[in-house]
Amino acid sequence: MRSTTSTLLACALLSAAPALAQETGPAIEVQELGAVDPFQIGSRNILPGTIWSSSDGEALRAILDTLPAASGQGWNEGAAARLAERVLLASGEPPRGARDDFDLAALRADRALAASRAEQVYQLLERTPRLNQSSALSRLHAETAFSLGETEAACRTAEGLLRGRDEAYWLRARAVCLAFAGNMPAAELTADLARSAGGVGNFSAFFDALALDTGLPANTPVTDGLEMAIAITVAPETRIEVADGAPAWLQRAAARTGPAITLPEYLDEALEAAMAMEGADRAAALAAIAQQDIDRVIAAEALAARFDDAVREGRFAEVAKAYAMEIETFPINEQTLAHGPRFILALALEGELERAWRWREALLSGPEPDMPEPLPGAEGWTAPGSGEPGSLTPPPGFAVVEADPWEPPSPAVMVALDMAIGVAADDIASEAFAAILAARAENAGPERLAQLAGLGALGASLPPAVRVAMLSAPADENEAGREADLAAMATLSLMNASQAETLLLAAGLIEAGNGSARAYALACHLLERAGRRAEALQLILEAIAEESA
């Protein structure tokens with residue numbers, strides 16, 4: 001990936017000790033290693049180490065304030081959320097003027113939780129040092145840990161907190177942790193203090209269920225991770241219900257709960273059973289069958305069904321990237337080619353272009369025919385191309401079955417696949433790709449127009465009709481004003497070579513513009529100018545995959 005800078009700092013040296021002279025060699029300078037800053041910890045190290053240090057702390061705070069918060073319903077535009085997630089989970093030297101700024105670090109973690117899942121933010125904060133110095137950072141760690149059933153880690157954080165220990169949330173957390181440890185008198189006393197502090201939500205009902213061992217309280221959904229931890233402990237084999245309007249990340253964490261899945265021993269029966277399931281159980285069962293090595297054709301059928309569900313959920317790009325590597329071991333035959341278009345999109349998303357092209361060629365021409373088996377009396381004949389003498393016509397004694405003529409997908413599907421492969425290969429300036437764009441531009445709707453606009457900003461040759469369509473597209477006044485504000489901020493960030501700011505503002509532009517062509521064009525232009533062309537191409541590729549799957 002390209003970068004406007006190449007400086008990579010592994011740690012900060014905050015104070016120097018006097019040099020120690022040695023009689024037999026040059027002087028050795030000894031420095032004290034500074035404490036690790038929260039921004040130096042990440043779980044997705046795919047961006048340069050200067051991603052944060054190229055930005056100003058206060059400017060970054062203002063930008064993070066504009067992004068969706070973890071307490072809400074998250075992002076509407078999946079591609080924008082995934083771009084923000086890649087930035088927010090990256091590690092590097094802290095922003096200028098923001099070393100040891102725990103409030104800013106907590107804001108970063110909160111926005112990462114809004115853009116991703118509890119598992120990823122939990123892993124980020126599990127590795128972050130000095131959590132006990134920040135109530136906000138500690139609460140994000142505890143909430144994600146509680147929601148995932150990692151109660152020991154959450155209680156360790158609750159006990160180790162140095163500042164804000166008397167806040168209502170931490171009183172509730174310590175009451176629950178004391179109950180988990182079996183110290184019920186202290187737990188009930190602490191719970192009473194928590195209730196008197198107010199803002200308890202459904203805490204009392206869940207705590208009483210834990211203390212009295214009465215099972216889940218009836219008609220009482222969970223509202224936060226702490227209540228989720230109690231519910232998991234009280235009813236470990238039950239699918240936990242979350243309250244209406246609960247944060248998106250909590251809803252996704254609740255989908256992990258419920259009874260263990262048991263599948264039949266035989267794979268065909270297991271696939272049939274998985275297909276009859278719903279929700280998270282179905283997703284887990286299909287994923288397990290897709291990952292088994294006994295029968296890769298059945299694995300392909302399971303993954304195809306998982307992709308079908310992901311398309312309905314609006315999460316194809318996310319799920320496809322998670323399981324694309326399974327496709328490498330699928331046989332390319334008539335049965336698996338029935339799902340070829342989505343398999344090709346998944347391989348393109350993962351950057352497996354050679355294999356994507358192989359599937360594309362088979363999808364166009366059909367699977368290679370299996371060689372006929374010789375019948376008695378024909379053992380001396382060998383197949384053409386085997387390196388031995390042979391004949392183009394099988395001799396008598398061979399059973400040859402004529403295959404039905406192969407019917408490739410429609411031209412529109414093939415154009416979409418070729419476009420995805422071209423974007424993944426960054427071949428967008430070629431004449432062949434220009435022809436693909438011309439075909440895609442015919443009767444382009446808003447989603448496709450956004451893809452074309454983004455590619456145009458990256459140097460692809462667009463038909464004039466695309467520019468006409470962009471100028472003709474109606475704009476909501478509030479939406480346009482919000483885009484203009486973010487665009488102005490992004491321009492200033494770009495001029496100051498602030499990488500994290502520019503990347504996050506590009507994501508914010510797409511979200512604010514509801515995925516419009518204007519937003520994609522400007523976001524891709526900003527990413528290109530910031531030296532993050534690969535991120536811009538990834539945005540377009542994901543948009544193509546979501547629309548075409």
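The values are calculated or read from the model by the stated rules, or taken from the named source; none is laboratory data. Because the structure is predicted, anything quoted here is derived from the model rather than measured. Cβ sites come from the backbone with ideal geometry, for glycine too, and all protein chains shown count toward neighbours. Accessible surface areas use protein heavy atoms only, side chains included; no ligands, DNA or RNA. Shrake-Rupley method; radii C 1.70, N 1.55, O 1.52, S 1.80 Å.
Here are some notes:
- ILE46 accessible area, assembled protein chains, probe 1.4 Å, Å²: 80 Å²
- The residues neighbouring ALA186, those whose beta-carbon lies less than 13 Å from its own, together hold a net charge of -2 under the Lys/Arg +1, Asp/Glu -1 convention.
- Solvent-accessible area of ARG355 with every protein chain in place, 1.4 Å probe, in Å² to the nearest 10: 70 Å²
- Kirkwood-Stokes translational diffusion coefficient of the stretch 46-189, alpha-carbon pairs, 4 °C, 1.567 mPa s, µm²/s: 81 µm²/s
- Legend: calculated FRET efficiency, MET275 to ALA434, from the Cβ-Cβ distance at R0 = 51 Å, rounded to 0.05, equals 0.75.
- THR220 sits with roughly 30 Å² accessible to a 1.4 Å probe, with DNA, RNA and ligands left out of the calculation.
- Surface listing: TRP406, TRP357 arranged by accessible area from highest to lowest gives TRP357, TRP406, probe 1.4 Å.
- Anisotropy class of the stretch 194-318 from Cα gyration tensor, a/c 1.5 cut: prolate
- Alpha-carbon centroids, the stretch 88-118 and the stretch 493-549: separation in whole Å: 20 Å
- Dipole axis of the stretch 198-263 (+1 Lys, Arg; -1 Asp, Glu on Cβ), positive-most option in ALA229, ASN219, THR262: THR262
- With contacts taken as Cα pairs under 8 Å and at least 6 residues apart, the stretch 193-302 reaches a relative contact order of 15 percent.
- Where a label projected 7 Å from the Cα of ALA205 along Cα→Cβ would reach, residues of the stretch 171-193 with amide N under 20 Å: 172-173, 176, 191-192
- A 1.4 Å probe over all protein chains sorts MET419, MET325 by accessible area into MET325, MET419, starting with the largest.
- Net charge contributed by nearby residues that have their C-beta within less than 12 Å of ARG315 (K/R +1, D/E -1): 0
- Taking all protein chains together, GLU278, GLU237 sort by accessible area into GLU278, GLU237, largest first [probe 1.4 Å].
- Backbone phi angles across the stretch 248-261, fed through the Karplus curve with coefficients 6.51, -1.76 and 1.60 (θ = phi - 60°), yield HN-Hα couplings of 4, 5, 6, 4, 5, 5, 5, 5, 7, 7, x, x, 5, 8 Hz in residue order; Gly and Pro are listed as x.
- A cut-off of 5 Å between modelled amide H atoms, ignoring neighbours fewer than 5 places along the same chain, links VAL242 with VAL222.
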